[in-house]
Structures are given as C-alpha cells and as structure tokens.
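**Q** My questions all concern the structure below.
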Amino acid sequence: VETLAIDGGRPLSGSVRVHGAKNAALPIMAAALMTYGECVLEDVPDLKDIDVMMEILQSLGASVSRQGGTITIEPSGINQYVVQDEMMRKMRSSLFLMGPLLAKHGQVRVSKPGGCTIGTRPIDFHLNGLKLLGAEIQEENGYVECKAARLKGNHIYLDYPSVGATENLMMAAVLAEGTTVIENAAREPEIVDLANFLNAMGASVSGAGDGTIFIEGVERLHPVQYRVIPDRIVAGTLLLAATAAGGEIEVQNVRPIHLGVVLTKLRDAGAEIRTYLDRIQLKRRRPLVAVDRIQTAPYPGFPTDLQAPFMAVLTLAKGTSVLSETVFEERFKHVNELQRMGANIKVDLRTAFVKGVPRLTGANVAATDLRAGAALVIAGLAAEGTTTIEQVHHIDRGYQQIERVFESLGASIRRKSKSRF
Ligand code: UD1
C-alpha cells in the first residue's frame, strides 16, 4: 500500500510536459481492433487503466506491445468475444470493446459494470443505441450479450451527451451498412480525437465536436500510426496546483482551446495566464479570490473531472465560491477530506459553498477516487505542514508518476510504501 507525503507551502516553478490523454487513448485502443494489420499509437500514457486495456485486448487474442509511449496493436489473432468479469471490474472503460467487437466480429459479451464511488453510471444509452443499429441484446446474470450479423445505420438521439456512449456508437457505426446520425452527441476533444483516428483508418465520420455526428459506414478499415491528444485534465490539474501553491510554471503539450472555461475561471480566481499554441504559462502572485459560480456540464462547459481540483484551490480564496456538479450525482467525496485540512465547505445536494480560509493545514487524508485524489494533492501542496494521502492507486489511474512531476516543479513530495500490518 502506497501513500504520498507532501510538505506543503512551497511555490511551484519550472516547466513540465503533459502526457497523452488517457480518455482519448482508451477508446482509440479499442477502435484499433477494427482494422486488419498493425496500428501504432503514440504518446499513450503509462497508466494502470491503459495496462488493463492492453490486457483485455491480449485476452481477446490481439497482440499488443509497448515501447515507451508507443503502443502497437495487431488484432488479427482475435478469437474471443467475451470481456472477462475481472477486467470489467478493474475498469469501466472496458465497455468500449462493445462497439468495435460487435461491428467487426458480430458478437460481444461483457459483464455489467457495477456502481462506482461517483454515482450509479448506467449504460442504457450504449445499449439503446446499439439496438437501434440492429444489435440483438440479451441481459442475464449480470452479463450483456450483443449480436448482429451486420449493423445497420440509423438515427440515434442521445437523451444526454454521454462521452462513452457517443464513442461506443461512433465506433459501432463506422463499419455498419449505410448512414448513422448521432444527435445530441458529446462534443469533448476526446470525441474529436477518436473521429480523427477512425477517419485516418478510412472511416467516414463528420461533425464530431458539434452536437450531431454523421457516419457513412465503410467495408474495411486500414491500420495507421496516430498520436493521441494531450491530456487536458492533467494540464488543468497542474495549472490549478500552481494557482493554489503560488509560483510560476509553464505547461507544455497542451491545447489551450481545450481548457477554455477552466482558464477563464482560473483568471477570475487570480491567476495570470498566457496561452500559446501548445503551451500555457501561469503565475500567481496576488491572493486568491472566490469565484462566483462554477457549474460542471458537458464540453465546452466546465469539466466534471476538474471540479474537485478546482474546489481545492477555492478553499483558499477570499470570499464564498459556489460549485455545482450536474454530471455525476455523488462527486463530492473530496469535501470531507478537504475539511480535515481546515477547509470550510457546505454541501447542499449538488452544490458546494466554499468559504475561503486563510490557510489549510496538513492532515492524513484518503483519495476516494481519481480526481478527488488530485484535489488532495493540490491542497497538500498549498497547505502548511505535512499531508499524507492514502489510496494513491486511485491517483495513479490518471496521472503518470505524479510525485515526479511535482518534484520537478520544486515541490516536496514523496511516495512511501506502507506495510499493511
Ligand atoms: C467520461 C470520462 C470521465 C468523465 C465523463 C464526463 C472516459 C474514460 N471517462 O466518462 O472521465 O468524467 O466522461 O465528462 O472518457 N449516463 C447514463 N447512461 C449511459 C451513459 C451515461 O445515464 O448509458 C450518465 C452518467 O451516469 C453520467 C452522465 O451520463 O451522469 C455522463 O456520463 P458519460 O458522459 O457517459 O461519462 P463516461 O463516458 O462514463
């Protein structure tokens, strides 16, 4: 069991490169199954979730290897269409196998993902959409089995612009017969990246990034070499950390346009920001001020994945900030932990009222999920004294060697192994 120990209160300085986006890489790895031949994916982060996806692809019969940030996937050996229960439990994103396996092999069986700490997370949009594309779906004993001789294009309206459902359906539709329209589709940069990857392989997808995606089915896809987009949530986390701890940093390999509303709110809170084509410089010299309202929403709204990290910053901002979570119903698990560090936060249903305090103090806290963990790292960097964060494995799902990154920016942060007994 590992913990992170942070001696807070040191401003950050220096420059750091952001790794490729986990949430772009995962569906792209699944989509690579639909080709014949070897796909080469570049700048794939070295994270637990990516390892699990590699294991799943291998368990299906694909050959997969990694060299540094480059992953090679050759799917011609696939002869299994069942994603094992243990894999589904490790990572919800194994859902992404449904679209590609169904499209290319006509069948797939996955176990239903259970609830997780940030809410119930149903999969009805995925299943309803696949049904509209002609899949026969049977649900029994916790499994979902889908079959289709060949999927047929259709008009799909999503009740909510779900990221995962948009990706799954987009992948399923590229090899379907005829035209598919996905209305009220998610518009996240990761959706655009997946569409670019599919198009590079010979698919015909247009409108990704707008609310309506059009897909003309094709017979075959060919392998490609592709670089995934930078991780906007990791970039945002670094900028938030420097805002909380103070100092001056440069974040490289980032697309400022992917962080529009986040940069606006950071400026409102007192950060000075300069953006370039693929890097962002941030300085924070003045005291922080409260931000009137942050409300999470599908892109280009404020990303739910940065709600907890931003709250950590606002605990130190003069005045009262209001944060509303509209995407996931139970995403305030970090509030308790931040309170242990001295934060003054009240939650009413889906809204948190954060009254800034002059200082946070180090404490023993636990990362309850990935982004809650990132919030605690930020709080720890800004707090006086030592913060110890338990359950670091959650943080490792989304941040590659987080302690090295912050160490290189001058923080005092160490990973410790703690024996269970
Ligand atoms: C993805 C991201 C996650 C991010 C989230 C929202 C990946 C691997 N994960 O998750 O980091 O926090 O987008 O930006 O890319 N919903 C349904 N039925 C469904 C599907 C979703 O009701 O069939 C609901 C969910 O419960 C949730 C909302 O829709 O309340 C948004 O979920 P969705 O956009 O699907 O998130 P994910 O794709 O799971």
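The values are calculated or read from the model by the stated rules, or taken from the named source; none is laboratory data. Being a predicted model, the structure only gives us computed values, none of them experimental. Positions of Cβ are backbone-derived with ideal geometry, glycine not excepted, and every protein chain shown enters the neighbour counts. Areas reflect the complete protein model, heavy atoms only, side chains present, ligands, DNA and RNA absent. Shrake-Rupley method; radii C 1.70, N 1.55, O 1.52, S 1.80 Å.
**Q** Taking the Cα-to-Cβ direction at Arg359 and at Asp268 and moving 7 Å from each Cα, how far apart do the two end points lie in nm?
**A** So the label points at Arg359 and Asp268 sit 2.9 nm apart.
**Q** Given all pairs of different Cα atoms, what value in angstroms does the Kirkwood hydrodynamic radius of the stretch 341-413 take?
**A** In the stretch 341-413 this quantity evaluates to 13.1 Å.
**Q** How much mean residue ellipticity at 222 nm does the chain get from its helices, if each DSSP H run of length 4 or more adds -39500 (n - 2.57) and you divide by all residues, to the nearest 500 deg cm²/dmol?
**A** Rounded to the nearest 500, it is -9000 deg cm²/dmol.
**Q** Find out how many positive minus negative residues lie around Ala343, taking Lys and Arg as positive, Asp and Glu as negative, among other residues whose Cβ is under 11 Å from that of Ala343.
**A** Local net charge: +3.
**Q** Something else now. Using the Cα atoms of the stretch 170-228, I'd like the radius of gyration and the largest Cα-Cα distance, Dmax, both in angstrom.
**A** 10.8, 30
**Q** Give me P(r) over the stretch 210-338, computed from all C-alpha to C-alpha distances, binned every 10 Å, as integer percentages.
**A** 11, 39, 30, 12, 7, 2
**Q** Expressed in whole Å with the largest first, what are the equivalent ellipsoid semi-axes of the stretch 93-164 derived from the C-alpha gyration tensor as the square root of 5 times each eigenvalue?
**A** In descending order, the three semi-axes are 20, 15, 10 Å.
**Q** Calculate, for the chain, the solvent-accessible area per residue in square angstrom, rolling a 1.4 angstrom probe over the heavy atoms of the protein chains.
**A** Using a 1.4 Å probe on heavy atoms only, each residue of the chain averages 40 Å².
**Q** Ranked highest first by average number of other Cβ atoms within 10 Å, how do 148-159, 52-63 line up?
**A** With the highest mean Cβ count within 10 Å placed first, the list reads 52-63, 148-159.
**Q** Per residue Cα convex hull volume for the stretch 88-240, in cubic angstrom?
**A** Once divided by residue count, the hull of the stretch 88-240 is 122 Å³.
**Q** Tell me, what is the Rg over Rh of the stretch 271-421, with Rh the Kirkwood radius over Cα pairs?
**A** Taking Rh as the inverse mean 1/r over Cα pairs, Rg/Rh reads 0.96.
**Q** First measure r as the distance between the Cβ atoms of Leu277 and Tyr157, then evaluate 1/(1 + (r/R0)^6) with R0 = 35 Å and state the FRET efficiency to the nearest 0.05.
**A** Plugging the Cβ-Cβ distance into 1/(1 + (r/R0)^6) gives 0.45.
**Q** Another question, then. What Kirkwood radius, in Å to one decimal, follows from the Cα pairs of the chain?
**A** Result for the chain, one decimal place: 21.9 Å.
**Q** Sticking with this one: I'd like to know how the stretch 1-105 sits against the 2.2 N^0.38 Å rule of thumb: what's its Cα Rg over that expected value?
**A** Compared with the compact-globule rule of thumb, the stretch 1-105 sits at 1.28.
**Q** With a point put 7 Å past each Cα toward its Cβ, work out how far Arg17 is from Gln58 in nm, to one decimal.
**A** Modelled inter-label distance: 2.6 nm.
**Q** Can I ask one more? Could you tally the net charge around Asn199, taking each other residue with its Cβ under 13 Å from the Cβ of Asn199, Lys/Arg +1 and Asp/Glu -1?
**A** Summing Lys/Arg as +1 and Asp/Glu as -1 gives -2.
**Q** For Lys355, list the aspartates and glutamates whose Cα falls under 14 Å from its own Cα; do not include residues on the same chain fewer than 8 positions away.
**A** Straight-distance partners of Lys355: Asp292.
**Q** What's the carbon and sulfur percent of the chain's accessible surface, probe 1.4 angstrom, rounded to a whole number?
**A** With neighbouring chains kept in place, the figure for the chain is 46 percent.
**Q** Can you list the lysines whose alpha carbon is less than 22 Å from that of Lys104, not counting same-chain residues fewer than 8 positions off?
**A** Straight-line reach from Lys104, under 22 Å: Lys112, Lys131, Lys147, Lys152.
**Q** Expected output is a single nm value to one decimal: the length gained when fully extending between Lys131 and Asp51, i.e. 0.36 nm times separation in residues minus the C-alpha distance. What is it?
**A** Going from the current span to full extension adds 25.8 nm.
**Q** Mind ranking 200-213, 97-110 by how tightly packed they are, going by the mean number of other C-beta atoms within 10 angstrom, highest first?
**A** Top to bottom by mean Cβ count within 10 Å: 97-110, 200-213.
**Q** If the only charges are +1 at each Lys and Arg Cβ and -1 at each Asp and Glu Cβ, what is the size of the charge dipole of the chain around the Cα centre, to the nearest 20 debye?
**A** Dipole about the Cα centre, nearest 20: 1340 debye.
**Q** Another question, then. Find the all-direction average of the projected area of the Cα convex hull for the stretch 13-172, expressing the result in square nanometres with one decimal place.
**A** That works out to 10.8 nm².
**Q** List the lysines whose Cα lies under 17 Å from the Cα of Lys22, skipping any in the same chain that are fewer than 8 positions away.
**A** Hits, sequence-local ones excluded: Lys48, Lys90.
**Q** A follow-up question, please. Taking the radius of gyration and the Kirkwood hydrodynamic radius from Cα positions alone, what is the Rg/Rh ratio for the stretch 128-215, to two decimal places?
**A** My calculation of the ratio gives 0.97.
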